[in-house]
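Structure record follows, encoded as structure tokens.
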Amino acid sequence: MARRKMIYEGKAKIIYEGPEPGTVVQYFKDDATAFNAEKHAVVEGKGVLNNRLSEHFMTGLNAIGVPTHFIRRLNMREQLVRAVEIIPLEVVVRNVAAGSMAKRLGIEEGTSLPRPIVEFYYKDDALNDPMVTEEHAIAFGWASQPDLDEMISLALRVNDFLSGVMFGVGIKLVDFKIEIGRIFDGDFQRLIVADEISPDSCRLWDIETGEKLDKDVFRRDLGNLADAYTEVATRLGVMPKKSGSGNGPKLVH
Ligand code: TMP
Ligand code: ASP
């Protein structure tokens, strides 16, 4: 098959033109980056795992009525998704203090929060994705007040769903980041969950041991990232158990 035209290359994914209008193909790379790509490695199999995991979460969200861009998986590393206009705000939801919030506010990592906290970060690598308020988003035209209300509502629904799914397999959803896109049905605009949901964009801690099963394993040099993601995928029934070292992830059909 002729290679599709590339639309955009990010740190962990490539977007290609889709087979029909209104669609694009999302390709998951093995690249892992942290601290705005200051730290970089190629983790064999990560793209395959994230493709499957994002499919799993987005399919579940679609099934319970939380709209997402996901249409179908195409192969080990690619999925067909709806083309959206990405809103330039990362939406972070936190259930437990960790990462930048623990640091900024001097709260011990692992402290449960009294309620989920939603934060917005302006997507701009040159600025290191600074945290912004709703006032900034409205004043600078990134999103309207109704958009922001809808984004918070979507993010909290994703939080409830993902928290439950993870709890079912002995994992605490500490926090996560989503991106949201606009689609247009004629004059009518809708917001849907886009990008990816994977251990790259979540903090996942084993409920019993506190073991980290997300990208912090890479950020903080805690072990093998692919093994951590395989553990998540295996618990969720998305991948079979790894049979010996050197074996890449295999698909369950
Ligand atoms: P933070 O504690 O570093 O602000 O991260 C909050 C959550 O957002 C965490 O689950 C990791 C995720 N995240 C991303 O997906 N991309 C990013 O660029 C950053 C900084 C965090
Ligand atoms: N996603 C960002 C990067 O690629 C930061 C992070 O996830 O820690 O550098």
inquiry  = Checking the table 123/177; 103/177; 11/103; 5/215; 13/172; 29/212 against a 19 Å threshold on Cα-Cα, which pairs fail?
reply    = 11/103; 5/215; 13/172; 29/212
ask   = Efficiency by 1/(1 + (r/R0)^6): what FRET value for residue 219 and residue 20, r their Cβ-Cβ distance, R0 = 35 Å, to the nearest 0.05?
value = 0.40
ask   = In deg cm²/dmol, rounded to 500, what helix-only [θ] at 222 nm does the chain give when every DSSP H run of at least 4 residues adds -39500 (n - 2.57) and the total is split over its residues?
value = -8500 deg cm²/dmol
ask   = What does the accessible area of residue 140 come to, in Å² to the nearest 10, when a probe of 1.4 Å is used?
value = 130
request  = Please report the relative contact order for the chain, taking Cα pairs under 8 Å with a sequence separation of at least 6, and give it as a percent rounded to a whole number.
outcome  = 17
message = If I ignore ligands, DNA and RNA and count only protein heavy atoms, how much of residue 76 is accessible to a 1.4 Å probe, in Å² to the nearest 10?
response = 70
ask   = Per-residue accessible area for residue 27 at 1.4 Å probe radius, Å² rounded to 10?
value = 60
request  = Apply 1/(1 + (r/R0)^6) to the Cβ-Cβ distance of residue 187 and residue 153, taking R0 = 25 Å, and write down the FRET efficiency to the nearest 0.05.
outcome  = 0.70
ask   = If you place +1 on the Cβ of every Lys and Arg, -1 on the Cβ of every Asp and Glu, and leave all else neutral, what size is the dipole of segment 22-101 about its Cα centre, to the nearest 20 Debye?
value = 220
message = Which one, 101, 131, 111, is farthest towards the positive end of the dipole of segment 95-138 when Lys and Arg carry +1 and Asp and Glu -1 on their Cβ?
response = 111
key: the chain - accessible surface per residue (Å², probe 1.4 Å)   = 48
key: Spin-label proximity, residue 86 to segment 117-136 - amide N less than 12 Å from point 7 Å beyond Cα toward beta carbon   = 123-125
key: segment 120-253: Rg to Rh, with Rh as the Kirkwood radius over Cα pairs   = 1.04
task = Among 76, 61, 86, pick out the residue whose Cα is farthest towards the positive end of the charge dipole of segment 58-103, where Lys and Arg carry +1 and Asp and Glu carry -1 on C-beta, about the Cα centre.
result = 76
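For residue 75 and residue 136 in the same chain, what is the full-extension length gain: residue separation times 0.36 nm, less their Cα-Cα distance, in nm?
This chain segment gains 18.0 nm when fully extended.
Multiply the residue gap between residue 5 and residue 37 by 0.36 nm, knock off their C-alpha separation, and tell me the result in nm, one decimal place. Could you put the intermediate results ahead of the total?
Working: separation 32, 0.36 × 32 = 11.52 nm, distance 2.48 nm.
Residue separation times 0.36 nm, minus the Cα-Cα distance, leaves 9.0 nm.
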request  = Specify the residue with the greatest mean-square fluctuation among 52, 157, 203, computed from a Gaussian network of the chain linking alpha-carbon atoms under 10 Å apart.
outcome  = 157
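The values are calculated or read from the model by the stated rules, or taken from the named source; none is laboratory data. What you see is a predicted model, and the numbers here were worked out from it, not measured in a lab. We place every Cβ from the backbone using ideal geometry, glycine too, and count neighbours over all the protein chains shown. The area values use the complete protein model at the heavy-atom level, side chains included, leaving out ligands, DNA and RNA. Shrake-Rupley method; radii C 1.70, N 1.55, O 1.52, S 1.80 Å.
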